[in-house]
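Visitor: Here you go, one structure.
The values are calculated or read from the model by the stated rules, or taken from the named source; none is laboratory data. Keep in mind it's a predicted model, so treat the numbers as computed, not measured. All Cβ positions, even for glycine, are placed from backbone atoms using ideal geometry, and neighbour counts span all protein chains on display. These accessible areas exclude ligands, DNA and RNA; they are computed on the full protein's heavy atoms, side chains included. Shrake-Rupley method; radii C 1.70, N 1.55, O 1.52, S 1.80 Å.
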Amino acid sequence: MTAGRWVRGTRLLVGAVLVVALLGGGANCVNNGGGGGGGDTSHGGGVATPGTPRDVVNFNYGWRFHFGHAPDGQMGPPGCMFRNISGPLTCSGFNNNPNRFSARDCELACCYNPECRLWFQHNKYCFHGGEGASCKPAGENATVYSAGERDTSPPLVKPYNFTSKSFDDSSWPIVDAPHDFVISNSHFSPQANSFHGHLVRNVSWYRKHFHVPQEWQGSTIYLYFEGVFHYTQVWLNGMYVQSHACGYTGFTVRLDNSSTLHYGSSNKNVIALRVDASFGSGARPSSARVMTRNNHDSTDTSGCTCADRGPVPSPFAFVLCKCVVLLCKCVLLLLLLLLLLLLLLLLLSFVVVVVVVVVVVVVVVVVVVDVVVCGSPGRVRCLSRELQHDNSCPFLRMRHTSRASVSLCLLRTNARRCRPEYVSDMHDMVKRDRNHPSIVIWSFCNEYECQQQTNITSVLFRAAAKALDPTRAVGANGPTGSLDVQGFSHRKASVFEHFHKNNPNTPSVLSECCSCTSQRVGSARHIPECICDQNSPGLLPFVAGSLGVWTLLDYYGEPPSSWPAVSSAFGQFDLAGFPKPHAWWYRINWLALVDSSDPARPALPPLAVSRVITLLDSLVPSSASSASSKQAEAQQQQDREDQDQAPRLLPAAGTSGHRVNVSTISSSNTTELLVDGVSVAGNRSADRGVEVIWSVPVPANVTCPCNLPITADVQCRGLSKMNNASTPQECRRACCDRPTCTVWQFADGPGCWLGQYNPATCFPGHAANWTGQASAGPRCSLFTNVTVIGRAADGTEESRHTAHGPAGPAALQLMVDAPSPATGTGTALALDGRDAALVRVTVVDANGNLVSTPAVNVTFHVTQGPGRIAGTGNGDPRCLMPPHAPVMTTFGGVARAVVHVTQDCLSAARETIRFVDVDGGHRTQLPANCTQQDIVVTATAANLTSAQVSIAAAPDATLLPLTVAQKSFDMDYQYMDQFNG
């Protein structure tokens with residue numbers, strides 16, 4: 001079960017999202033006085049359009065779910081059989097079918113298209129052909145394609161047993177939406193595609209039993225789905241209704257025109273969904289369902305005086321009129337940006353030289369919200385927005401896919417980097433979202449899709465966008481034609497210079513950059529040098545800036561190494577929302593070092609930042625012998641080179657003996673490092689905004705024993721090969737000499753393997769021939785504390801940060817990160833059936849200092865109040881533990897839990913919802929009387945003192961995420977400064 005709804009996209013497919021919310025499709029922007037004190041439409045509140053009698057019913061609850069296809073079904077449509085014609089081919093008459101990066105995806109997409117008779121795929125390009133297409137055998141030197149052909153198209157509809165109204169689904173589990181069946185079943189497999197997070201995808205089913213009020217008879221009744229990934233077929237009471245072929249756009253299902261629909265309490269209805277998530281490149285688009293009833297027999301769905309809203313139930317259009325009012329700050333910023341853009345375009349047209357003076361450099365990050373569990377309630381989206389804001393990013397670039405409309409309401413401005421799959425999807429996306437004031441630019445292809453043989457695709461996409469919204473510019477994340485703004489992905493400054501020389505009147509932007517990796521633990525706990533290098537084209541005077549830093553948060557897919565790594569490492573924050581080293585690079589270089597008068601800087605006060613990056617309990621001195629010392633230094637240097645990192649090394653003057661490296665970063669002119677209160681090298685000029693490594697002498701009276709007790713029958717995955725250790729003794733010594741090593745394994749043949757011990761990736765009994773040992777306790781701390789002090793040019797102290805060296809683990813600490821004033825996400829949860837809190841657990845010593853190693857198994861419980869544990873995570877890209885389970889190991893001493901509310905006190909017409917939902921009340925209750933009450937969460941771990949924290953929750957519409965986001969526009973956030981880890 002997801003914790004909410006979100007959009008992610010192009011390169012990552014985690015599975016199908018079946019999400020239900022009250023309103024969707026761009027209308028989730030206004031608080032309304034719904035039942036129980038009002039409701040935010042993004043969280044279940046109702047909307048009543050003036051002059052149009054209407055009922056809007058939350059359809060979130062009580063869905064029955066079956067993981068896997070029907071016994072009489074399969075992936076793809078029934079009878080989809082292609083003859084294999086792969087080989088050297090010459091093909092003609094085909095159209096490019098974007099977003100299909102494998103032969104299997106290309107074939108399945110052709111399966112679902114009755115007009116597709118032939119397909120071929122090569123180098124991530126997929127092509128489909130109809131009656132006029134042909135592929136003929138060619139000579140040996142011709143291009144080899146994966147290809148298939150069929151003579152007839154089988155019917156897409158099949159009377160599966162699961163669609164029958166009388167089918168017994170009583171054994172199916174009941175879920176509430178939003179729901180992601182791939183994540184909730186957590187089938188990680190080394191055979192599954194790493195680009196999809198090694199998550200197994202398939203076809204699965206949803207069924208909902210519901211009543212329709214008798215008084216609704218004679219009305220027009222719709223169900224609205226904001227998105228279901230990827231190919232969805234719908235049956236009502238056993239009768240096939242329709243299908244939808246894109247997970248990024250919403251669709252409606254009209255019910256009242258079906259002869260099978262029943263009214264009243266005596267006869268229930270069943271809607272069945274067959275969801276094929278086995279193909280398609282993308283992931284869990286935000287989606288929603290709503291049941292609406294119009295008291296008139298009409299299919300007119302505009303219902304709005306301010307704009308045509310397209311084919312969605314009429315309540316949604318009305319909401320956008322109010323959305324503009326509520327987001328007046330976004331409107332003002334948008335008007336300013338449009339004015340500057342207009343000025344820029346005029347100057348480009350007439351006086352190109354003047355561009356240097358008027359260009360406003362914008363900085364944008366790509367937000368991929370995979371925080372812990374798959375699903376993003378508004379509270380999580382608020383946190384994501386504030387993390388972005390806290391690192392001086394006033395813009396948001398979508399991750400190539402359409403985003404939940406409520407997210408657009410949370411944004412100040414939005415580059416709207418959305419890449420739909422088909423021209424029709426472009427049409428639907430623009431029509432749905434064009435009235436959001438936060439949208440600045442539309443985009444319609446990404447990298448591979450932009451590299452067409454012709455520009456016909458971009459011409460069609462441009463026409464679809466301009467027909468509905470001629471006022472906004474269009475762009476793309478790659479070289480293609482018919483663009484108003486040319487984007488380039490991960491290109492050097494020379495590419496922009498060449499383009500500007502040949503196209504001086506066409507604006508350009510660094511539409512994606514900076515896919516640099518770091519981690520909170522291990523040798524990758526450094527700031528990669530590539531961040532500065534890859535951001536540099538955005539500083540060219542004729543480039544509009546960096547429009548897409550990849551990414552704000554990590555996500556499932558594109559892991560930095562082979563199995564068992566399952567998530568990316570590009571994010572400034574990890575999968576659990578914890579900051580990684582290069583988050584401080586952006587905080588310093590994009591905020592602290594940017595003048596407060598810069599119009600692209602958020603309206604935050606001047607800031608000075610200094611940070612100790614090193615975890616003190618990961619430090620180990622060099623070995624006693626000079627040879628092994630040189631070996632350790634060489635290994636550490638190799639580690640940094642492997643991560644494309646080259647921080648500056650500053651040796652401490654007048655020292656000798658064993659040393660360790662401590663890294664820092666600061667925005668100040670000079671910095672000083674204090675170790676246990678003693679200055680290491682005095683005040684020295686700092687490379688502002690660059691990681692600095694200090695060579696620190698180890699006190700002579702400090703010993704650091706290497707305690708690696710035997711764990712004979714355990715084999716750990718994800719370790720690194722150590723080539724220069726040929727015996728178990730050498731392997732153990734090599735582990736002791738490496739600061740981050742807590743496990744070693746050795747066997748004749750495979751040799752020596754080193755890494756970090758993690759219960760999640762270490763398995764008993766897998767390889768008895770291994771001589772394996774792992775640390776049972778933390779590496780000792782060489783220092784009590786290390787402090788970095790940043791000083792201004794006149795010597796005045798501007799900032800300081802202290803890292804503490806811990807003793808052994810003694811207890812757990814719990815902290816609420818959202819809702820929290822430190823993250824700008826409010827002070828309490830709204831009891832709306834969808835809100836969620838983010839809780840952080842930290843392993844500490846007796847003095848409350850962070851203990852980063854070893855990993856600890858933590859169990860989370862809701863011991864009181866209307867909440868449940870919806871998911872857990874730790875940010876470790878190699879963690880294979882189920883993200884929906886209440887148990888999680890710590891990574892770098894911390895772990896995350898998502899706590900979901902279990903009461904809906906804010907949806908309008910809750911009595912009607914109780915009547916409609918035959919299986920409602922199992923996971924989310926709709927009590928008649930709601931009161932404010934705390935949710936109490938307890939964390940426990942073996943041999944450690946447990947911890948407890950309370951989360952305030954109330955049936956109060958002013959606590960809803962959108963309302964909170966509007967109030968927190970100019971807050972000074974403290975999350976990163978207060979984070980310990």
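Visitor: Given the residues Thr863, Thr872, Thr853, which is the only one that is among the polar types (S, T, N, Q), more than 17 Å from the chain's Cα centre (by Cα) and part of a strand (DSSP E or B)?
Guide: Thr863
Visitor: Determine whether the range 915-937 contains at least one residue that is within 22 Å of the chain's Cα centre (by Cα) and either assigned to a loop (DSSP other than H, G, I, E, B) or under 30 Å from His582 (Cβ atoms) (or both).
Guide: no
Visitor: Still on this model: Restricting attention to strands (runs of 3 or more DSSP E) lying wholly within the range 678-768, give those where 1 or more residues are among the hydroxyl-bearing types (Ser, Thr, Tyr), over 31 Å from the mean Cα position of the chain (by Cα) and at pLDDT 80 or above.
Guide: 692-697
Visitor: Quick test for you: out of Ala147, Ala142, Ala109, pick the one residue that is more than 29 Å from His196 (Cβ to Cβ), outside the structural domain of His262 (by the TED database) and either of a type in the set (A, V, I, L, M, F, W, C) or more than 36 Å from the chain's Cα centre (by Cα) (or both).
Guide: Within the list Ala147, Ala142, Ala109, the selection yields Ala142.
Visitor: Go through the residues of the range 848-859 one by one and say whether even a single one is open to solvent by 20 Å² or more (accessible area, probe 1.4 Å) and in contact with a His (Cβ under 9 Å, 6 or more places away or on another chain).
Guide: Looking for residues that are open to solvent by 20 Å² or more (accessible area, probe 1.4 Å) and in contact with a His (Cβ under 9 Å, 6 or more places away or on another chain), one finds at least one in the range 848-859, hence yes.
Visitor: Restricting to the range 114-132, give me the number of residues that are open to solvent by 30 Å² or more (accessible area, probe 1.4 Å), more than 11 Å from Arg150 (Cβ to Cβ) and touching a residue at least 24 places away in the same chain (Cβ under 8 Å).
Guide: 6
Visitor: Taking the conditions exactly as written (open to solvent by less than 20 Å² (accessible area, probe 1.4 Å) and in contact (Cβ under 8 Å) with a residue 40 or more places away in the chain), does Ala953 satisfy them or not?
Guide: Yes.
Visitor: Would you mention how many residues in the range 815-840 are assigned to a strand (DSSP E or B) and either open to solvent by 30 Å² or more (accessible area, probe 1.4 Å) or aliphatic (A, V, I, L, M) (or both)?
Guide: Going through the range 815-840 one residue at a time, the tally reaches 9.
Visitor: Any idea which of Leu460, Leu468, Leu483 is within 19 Å of Glu447 (Cβ to Cβ) and out of contact with any Gly (no Cβ under 7 Å at 6 or more places or on another chain)?
Guide: Criteria check complete, one pass: Leu460.
Visitor: Working only within the range 891-925, note down all residues that are farther than 30 Å from Pro809 by Cβ, of a type in the set (A, V, I, L, M, F, W, C) and open to solvent by less than 30 Å² (accessible area, probe 1.4 Å).
Guide: Val901, Cys905, Leu906, Ala908, Ile913, Val916
Visitor: Select from the range 510-519 the residues that are open to solvent by less than 10 Å² (accessible area, probe 1.4 Å) and out of contact with any helix residue (DSSP H, G or I) (no Cβ under 6 Å at 6 or more places or on another chain) and list them in ascending order.
Guide: Of everything in the range 510-519, those that are open to solvent by less than 10 Å² (accessible area, probe 1.4 Å) and out of contact with any helix residue (DSSP H, G or I) (no Cβ under 6 Å at 6 or more places or on another chain) turn out to be Ser511, Glu512.
Visitor: Now a separate question. Would you mind finding the one in Leu108, Leu156 that is within 25 Å of Phe225 (Cβ to Cβ) and surrounded by fewer than 22 Cβ atoms within 10 Å (Cβ to Cβ)?
Guide: Only one candidate qualifies: Leu156.
Visitor: Please give the number of the condition Asp168 fails out of (1) in contact (Cβ under 8 Å) with a residue 40 or more places away in the chain; (2) open to solvent by 40 Å² or more (accessible area, probe 1.4 Å).
Guide: (1) is the only condition that Asp168 fails.
Visitor: Being at pLDDT 50 or above and surrounded by fewer than 16 Cβ atoms within 10 Å (Cβ to Cβ), is that true of even one residue in the range 644-657?
Guide: The answer is yes; a qualifying residue exists.
Visitor: So for the range 131-139 (the condition being of a type in the set (Asp, Glu), under 26 Å from Cys445 (Cβ atoms) and outside the structural domain of Thr260 (by the TED database)), does at least one residue qualify?
Guide: No; the residues of the range 131-139 include none that is of a type in the set (Asp, Glu), under 26 Å from Cys445 (Cβ atoms) and outside the structural domain of Thr260 (by the TED database).
Visitor: Still on this structure, please answer the following. Find the residue count for the range 556-608, including only residues that are outside any loop (DSSP other than H, G, I, E, B) and open to solvent by 30 Å² or more (accessible area, probe 1.4 Å).
Guide: Qualifying residue count for the region: 1.
Visitor: Also: Restricting attention to the range 53-75, which residues are open to solvent by less than 60 Å² (accessible area, probe 1.4 Å), at pLDDT below 80 and touching a strand residue (DSSP E or B) at 6+ places or on another chain (Cβ under 7 Å)?
Guide: Listed by number, the residues that qualify are Arg54, Asp55, Ala70, Gly73.
Visitor: Suppose we filter Val200, Val175, Val157 for residues that are closer than 24 Å to Gly871 by Cβ and modelled with pLDDT under 90; which single one remains?
Guide: Of Val200, Val175, Val157, the one residue that is closer than 24 Å to Gly871 by Cβ and modelled with pLDDT under 90 is Val200.
Visitor: Here's something else I'd like to know. If a residue has to be open to solvent by less than 10 Å² (accessible area, probe 1.4 Å) and more than 26 Å from the chain's Cα centre (by Cα) to count, how many in the range 470-499 make the cut?
Guide: So the count comes out to 1.
Visitor: Further question: Within the range 868-892, count every residue that is in contact with a Lys or Arg (Cβ under 9 Å, 6 or more places away or on another chain) and small (Gly, Ala, Ser).
Guide: Residues in the range 868-892 being in contact with a Lys or Arg (Cβ under 9 Å, 6 or more places away or on another chain) and small (Gly, Ala, Ser): 4 in total.
Visitor: If you check every pair at least six apart or on different chains, which have Cβ atoms under 7 Å apart with a residue in the range 463-489 that is at positive phi first and a residue that is in a helix (DSSP H, G or I) and among the hydroxyl-bearing types (Ser, Thr, Tyr) second?
Guide: So the pair list comes out as Ser482/Ser458.
Visitor: Now a separate question. So Ala583 fits all but one of (1) in contact (Cβ under 8 Å) with a residue 24 or more places away in the chain; (2) under 30 Å from His500 (Cα atoms); what number is the exception?
Guide: Result: Ala583 passes all but (2).
Visitor: In addition: Restricting attention to the range 798-814, does a residue exist that is hydroxyl-bearing (Ser, Thr, Tyr) and open to solvent by less than 10 Å² (accessible area, probe 1.4 Å)?
Guide: Scanning the range 798-814 turns up no residue that is hydroxyl-bearing (Ser, Thr, Tyr) and open to solvent by less than 10 Å² (accessible area, probe 1.4 Å).
Visitor: Can you name the number of the only condition in (1) among the polar types (S, T, N, Q); (2) in contact (Cβ under 8 Å) with a residue 60 or more places away in the chain; (3) more than 30 Å from Ala846 (Cβ to Cβ) that Thr931 fails?
Guide: Of (1) among the polar types (S, T, N, Q); (2) in contact (Cβ under 8 Å) with a residue 60 or more places away in the chain; (3) more than 30 Å from Ala846 (Cβ to Cβ), only one is false for Thr931: (2).
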